[in-house]
Amino acid sequence: MSAPKDIRQTALDLKTQIIKHNELYHGQDSPEISDAAFDELVGKLVKLETKYPELIDESSPTQKVGTGFTTFAPVTHRVAMTSLDNAMDENELRAWGERATRGLAGTAMHYVCELKIDGLAMSIRYENGQLVQAATRGDGAVGEDVTANVKTIGVIPKKLLSKIGKKIPSVLEVRGEVFITISGFERLRAAKQSENERRIANGKKPDAVPANPRNAGAGSLRQKNPEVTATRDLSFWAYQLGEVVGAPSFSSHTQTLEFLADLGFPVNPEVKKLDTLQEVVEFCANWEQHRHSLNYEIDGVVVKIDNLAQREQLGFTSRAPRWAIAVKFAPEERETILLKISVSIGRTGRATPFAELEPVVLSGSTVSMATLHNRDQVQLKDVRPGDTVIVRKAGDVIPEVVGPVLSLRPKNSKPWKFPKLCPCVLKSTLVQIEGESDTRCVEPECPFQRDQRIIHFASRGAMDIEGLGEKTVFALSDKKLVNDIGDLYSLSIEQLMQLDGFAELSASNLLAAIQGSKSRPLAKLLVGLGIKNLGPAASESLARRYGNLDAIIAATPDQLSEIDGVGGVIATSIAKWFSDRAHRTIIEKFRRVGVEFGNVIISTENQSLVGKAVVITGTVEGFSRDEAQDAITSRGGKSPGSVSAKTFALVVGSEPGASKLTKAEQLGIPVLDAKGFRYLLKTGQLPN
Ligand code: IVH
């Protein structure tokens, strides 16, 4: 069947776009579209070419690996550096497995599963044990000479030595992936951002900030000055051989990896040899879930057939081996349209800009909003309504706008201006306070702040009122049923039944949850009041020391500041809060309805963490976020939100924030896993 004219045109358009974006990605390290959008373009072209094979010719990007871009000297690979075919889901992985089984006429096979490192493929050549050349993949046939830069990477051996006394091959090409660590990327990004803040302050245009670790790694490798490369946290995992002369012969990939490890190359420890495709599927699912527990980025799993004779039998297609497949994870970055930039008002009046987006599925969930952090960030990224933007959602973190796709910017677009007025009905002025990066609404009557204060009061870390989430609070507010947190306890079942979606049972459940919260511990009530600077640890100390809310109200700032962990700033802030008339009215409403003011639970736990600050990042196995914090505070410790020189230890769970880890590493703060955390809770000591 010959391809109709419009199909030929579509294929041509796709080829042009793919070649352009391939060049931007591989050649200039400044991709304009996300990996997922690129894969989609290739997928469309492959589909057309499969249906109409006449569309395939040598110039088609599906027949090539990348594009050459020579600012560094060209290196012709003696053994071509091929790419891999992708499996985008379990079905495609199983289909690959079935094809391979058929190709081997059903003989038994083993799979080696490796993490797919999101870095840059590199071929490093050794002659008589000496590193003589390092080259990028380029278009698979010709790459770029980046020897001087690769030599600055500490983990890459410059001279080979077998740990078990094996002979060193006269020629050995080792292939693998160069990448930047996530902590290294965070450090680089922070440095670039502060440099840009200085540039903006001096009236200069900001420089490009690398959007993700892959771009940062690629940019670091392509520095003209190797001294700059040496300052970046680059690393390497070896996974393949190129040209080899004089090496022992291997029968499996596993043996190749053992050989590489013997010669001192870093081989990723997470590699696994498996017997069935079902186990492979489980390996992939497990890593997709835990990808953020690593200090480097992975974007999938590479599944390879272990037996080298079987590999030979299967051979290659025009672009990739039949004996391996790259199983890609659901993308964490995608493009979408930024419909509008709005600001949200927090309970303290802080105005946070956020992007309203055309919905996209990221990391398995639909995203229609993403934070833009603050005024300076919007200016730095220069994102504008109408822009096509790259949005990123890594695991459980809040979705973020990485930046605009400039080539798709509408012609008439204008930079976004931070609004001057609060979006609430009162339209009060938003002010940027001297020396603060935040912009705030300072109108105490602002209904947006009021709603957020009620949401905070009902939240898990405070009065923990089940069923009183954001949506219900907005509904109560709309119907003017509550004006402040003191009104919650006077709500009747009839009033709750007026809310959309509430019937008798749901209304009575919510009422019971509200009433049940009257007997929460004093420390939780204090947190719920939302007093500026007063966190859970200081609330706990105040509750223990005073035992009753009235005693705290009666205390002077001097008396309050004597308490360990309270200090002058918090003490003044507490006194100021209680001196406000509106706040005293709230306290009287609480008193009238019987909210307990003196429920102090004295911890039965050992007090092994008194005076110690233990910071948590990520989800610690066996604990919810609140449970982990309670475990620390109930033992007399503190659990602040950030790492400082005073931090006793950092506990790292799954999907940790990279910045806390980086800071702890910089300051030499001990880092513990879940097991270490349990030991610390039990003994108050760091594990050996
Ligand atoms: S094997 C002929 N193993 O992914 C097979 N590649 O999408 C050569 N990659 O070009 C590649 N981690 O840059 C292999 N464990 C791994 C990998 C890996 C990352 C990269 C590599 C490759 C690309 C294919």
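Exactly one residue among 130, 193 is more than 16 Å from the ligand (Cβ to nearest atom), free of Cβ contacts under 8 Å to residues at least 60 places away in the same chain and either among the aromatic types (Phe, Trp, Tyr) or on the phi < 0 side of the Ramachandran plot (or both), and that residue is 130. The listed residues are 139, 145, 207, and the only one of them that is within 30 Å of residue 30 (Cα to Cα), more than 16 Å from the ligand (Cβ to nearest atom) and over 25 Å from the mean Cα position of the chain (by Cα) turns out to be 145. Any chance segment 275-294 includes a residue that's within 30 Å of residue 661 (Cα to Cα) and part of a loop (DSSP other than H, G, I, E, B)? Checked segment 275-294: at least one residue is within 30 Å of residue 661 (Cα to Cα) and part of a loop (DSSP other than H, G, I, E, B).
Residues that are at pLDDT 90 or above and in a loop (DSSP other than H, G, I, E, B) within segment 200-243 comprise 231, 232, 233, listed in sequence order. Of all residues in segment 487-521, those that are in contact (Cβ under 8 Å) with a residue 40 or more places away in the chain, over 14 Å from residue 469 (Cα atoms) and polar (S, T, N, Q) total 3. One residue alone among 330, 394 is touching an Asp or Glu at 6+ places or on another chain (Cβ under 6 Å) and part of a loop (DSSP other than H, G, I, E, B), and that residue is 394. Scanning segment 354-380 for residues that are surrounded by fewer than 18 Cβ atoms within 10 Å (Cβ to Cβ) and in a strand (DSSP E or B) gives 356, 358, 359, 361, 365, 366, 368, 369, 371. Scanning segment 468-486 for residues that are touching a residue at least 60 places away in the same chain (Cβ under 8 Å) and among the hydrophobic types (A, V, I, L, M, F, W, C) turns up just one, 485. Within segment 328-356, residues that are under 27 Å from residue 407 (Cα atoms) have Cβ atoms under 7 Å from residues that are buried (at least 18 other Cβ atoms within 10 Å of the Cβ) and among the hydroxyl-bearing types (Ser, Thr, Tyr) in these pairs: 330/363; 331/34; 332/363; 333/34; 334/34; 335/34; 335/388; 337/388, counting only partners at least 6 apart in sequence or on another chain. Of all residues in segment 463-499, exactly one satisfies the criterion of being surrounded by fewer than 14 Cβ atoms within 10 Å (Cβ to Cβ), within 36 Å of the chain's Cα centre (by Cα) and part of a loop (DSSP other than H, G, I, E, B), namely 469.
For segment 244-254, the set of residues classified as in a strand (DSSP E or B) and either within 16 Å of the ligand (Cβ to nearest atom) or closer than 18 Å to residue 112 by Cα (or both) consists of 244, 252, listed by residue number. Those helices (runs of 4 or more DSSP H) of segment 586-688 in which at least 2 residues are under 22 Å from residue 522 (Cα atoms) and among the polar types (S, T, N, Q), considering only elements entirely within it, cover 625-633. Would you confirm whether or not segment 427-437 contains a residue that is touching a Phe, Trp or Tyr at 6+ places or on another chain (Cβ under 6 Å) and in a loop (DSSP other than H, G, I, E, B)? Looking for residues that are touching a Phe, Trp or Tyr at 6+ places or on another chain (Cβ under 6 Å) and in a loop (DSSP other than H, G, I, E, B), one finds none in segment 427-437, hence no.
Among the listed residues 571, 555, identify the single one that is buried (at least 18 other Cβ atoms within 10 Å of the Cβ), farther than 28 Å from residue 473 by Cα and in contact with a Pro (Cβ under 7 Å, 6 or more places away or on another chain).
Residue meeting the stated conditions: 571.
Just one residue in the set 41, 12 is outside any loop (DSSP other than H, G, I, E, B) and touching a Leu at 6+ places or on another chain (Cβ under 7 Å); that residue is 41.
The values are calculated or read from the model by the stated rules, or taken from the named source; none is laboratory data. If you're wondering where the values come from, they're calculated on a predicted model, not measured in any experiment. Cβ: placed from backbone, ideal geometry, glycine included. Neighbour counts: every protein chain shown.
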